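These notes concern the structure reproduced below.
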Amino acid sequence: MADRALFLGWTRAVAGREQQAMELFQKAMDYYGKLQADGLIESFEPVLLQAHGGDLNGFVLLRSDAEKIAKIRQDDAFIDFSMEAGYCLQGFGIVEGIIGEGIPDAFSRWSKLIG
């Protein structure tokens, strides 16, 4: 079961690169579908946010385990998609996170720290 996640978020397309951003989104969805079919991720979920006055307008959440997340981050296709996203999307970033069965372990470690 997935205990880690990759959060890929962005603000908006760079002016003049909207078409490239749209094409990249579709290619990325196909790629994430392949990762899921190959068993490298448990699932993925694209999210487009409603207007809220902030600067995060969308994200994709990939769910897997730590070992597979590390493997994905070194995959040439993932690196290429990430570089292109940084070129055509403002505020693009990738953050690793803990989910599911990883949460109790993370809180246990934090609990030891705070006493």
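Details
- Cα gyration tensor of the chain - equivalent ellipsoid semi-axes, whole Å, descending: 27, 18, 12
- Net charge dipole size for region 7-115 [Lys, Arg +1 and Asp, Glu -1 on Cβ; Debye, nearest 20]: 280
- Sorting the segments 70-80, 47-57 by their mean number of nearby beta carbons within 10 angstrom, highest to lowest, gives 70-80, 47-57.
- Only helices enter this figure: runs of n ≥ 4 DSSP H residues, each worth -39500 (n - 2.57), summed and divided by the residues of the chain, yield -15000 deg cm²/dmol at 222 nm to the nearest 500.
- Note on the chain: lysine pairs with Cα distance below 23 Å, sequence gap of 8 or more or different chains, count 4.
- Two tests apply to each whole DSSP H helix in the chain, Cα reach of 27 Å or more along its axis and mean Kyte-Doolittle hydropathy of at least -1.0, and the ones passing both are 18-37.
Values quoted throughout were computed directly from the atomic coordinates according to the rules given, and no laboratory measurement underlies them. Predicted, not measured: the structure shown is a model, and the values here were computed from it. Glycine also receives a Cβ, built like all others from the backbone with ideal geometry; neighbour counts cover every protein chain displayed.
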